[in-house]
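Below: one structure, written as structure tokens.
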Amino acid sequence: EDQVTQSPEALRLQEGESSSLNCSYTVSGLRGLFWYRQDPGKGPEFLFTLYSAGEEKEKERLKATLTKKESFLHITAPKPEDSATYLCAVQKSLASGSRLTFGEGTQLTVNP
Amino acid sequence: KAGVTQTPRYLIKTRGQQVTLSCSPISGHRSVSWYQQTPGQGLQFLFEYFSETQRNKGNFPGRFSGRQFSNSRSEMNVSTLELGDSALYLCASSLISGREQFFGPGTRLTVL
């Protein structure tokens, strides 16, 4: 059975204190790994898609990387507005269509 | 470009009733997926519609159903509501099946 595990469950950082969030997965035939950000009371906001081991993508203070077993979301010099829940999801194969299996998320709080 | 819209945003129903939720995808997007989000189970895939056909279905009982219209708008229906159906129901659209999905704000369903 496909599994996605995110760690830590919650993370508190001071503004400017860089850190990484982890997403480990067990899925046969990974087609893509997705990162989303979700603010309270809102739908998830798309951040990145990674398709192959070694791939990296960046957006402002965020950088996502992918290996064969896990993905990291690095946050450099975070600001309070980066506070949110970060969700990781895997897409198994082309036949799965848009079906995503999500992790439980990491709740990030950045204090000023 | 307008994002994914969902109506209604909030809904209160009683056990045994049925409910219909609506989703309008981003203009030009042909794939619509539905997810249920609860504190205990996280985000779980319900089903995907592409070109008016159900392409994938998650592990939910037959009380959960959906459809897609020729303009790509989608509806999901839950019959014989149970207390455990209380959740945030999220709709996501993508240009074609399997590509990045963009989520709407969700419909918060409360079953009393």
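Just so you know, all these numbers are worked out from the coordinates, no wet-lab data involved. What you are looking at is a predicted structure, and each value in this text was computed from that prediction instead of being measured. Positions of Cβ are generated from backbone atoms using ideal geometry, with glycine treated the same way; all protein chains shown enter the neighbour counts.
A simple packing score, the average count of other Cβ atoms within 10 Å per residue, orders the peptides B:83-91, B:12-20 as B:83-91, B:12-20, with the highest score first. Each of B:His29, A:His74 was scored by other Cβ atoms within 10 Å of its Cβ. Listed from fewest to most, they are A:His74, B:His29.
Mind sorting B:Cys23, A:Cys88 by how few other Cβ atoms lie within 10 Å of their own Cβ, fewest first?
Details: B:Cys23 27, A:Cys88 30.
Fewest-to-most Cβ neighbours within 10 Å comes out as B:Cys23, A:Cys88.
Computed over the range B:1-95, the range of Cα coordinates on each principal axis works out to 36, 24, 23 Å, biggest value leading.
With respect to the cross-link table entries A:Lys68/B:Lys57; A:Lys63/B:Lys57; A:Lys92/B:Lys1; A:Lys59/A:Lys79; A:Lys57/B:Lys1, which display a Cα-Cα separation exceeding 22 Å? Walk me through the numbers before you get to the answer.
Working: A:Lys68/B:Lys57 27 Å; A:Lys63/B:Lys57 32 Å; A:Lys92/B:Lys1 29 Å; A:Lys59/A:Lys79 14 Å; A:Lys57/B:Lys1 24 Å.
Where the Cα-Cα span goes over 22 Å, the pairs concerned are A:Lys68/B:Lys57; A:Lys63/B:Lys57; A:Lys92/B:Lys1; A:Lys57/B:Lys1.
Take each residue in A:40-49, count the other chain C-beta atoms within 10 Å of its C-beta, and the mean is 5.
Just checking the output field for A:100-112: average partner chain Cβ neighbours within 10 Å of each residue's Cβ? Spell out each step's value before the answer.
Details: counts 8, 5, 7, 2, 5, 2, 0, 0, 0, 0, 0, 0, 0.
Mean inter-chain Cβ contacts per residue within 10 Å come to 2.
Across the alpha-carbon set of chain A, the Rg to Rh ratio works out to 0.96, Rh being the Kirkwood radius. Inter-chain neighbour count for B:55-66: the average number of beta-carbon atoms from partner chains within 10 Å of each residue's beta-carbon is 1.
How do B:Arg9, A:Arg31, B:Arg55 line up, fewest other C-beta atoms within 10 Å first? Write down the numbers at each step before the final one.
Numbers: B:Arg9 12, A:Arg31 15, B:Arg55 20.
Ascending number of Cβ neighbours within 10 Å: B:Arg9, A:Arg31, B:Arg55.
The range B:79-102 and the range B:8-47 have Cα centres spaced 4 Å apart.
Give, to the nearest whole percent, the P(r) tail of the protein assembly as shown beyond 32 angstrom, counting all Cα pairs. It would help to have the intermediate numbers written out before the result.
Values: 4549 of 24976 pairs.
Every Cα pair in the protein assembly as shown considered, those over 32 Å come to 18 percent.
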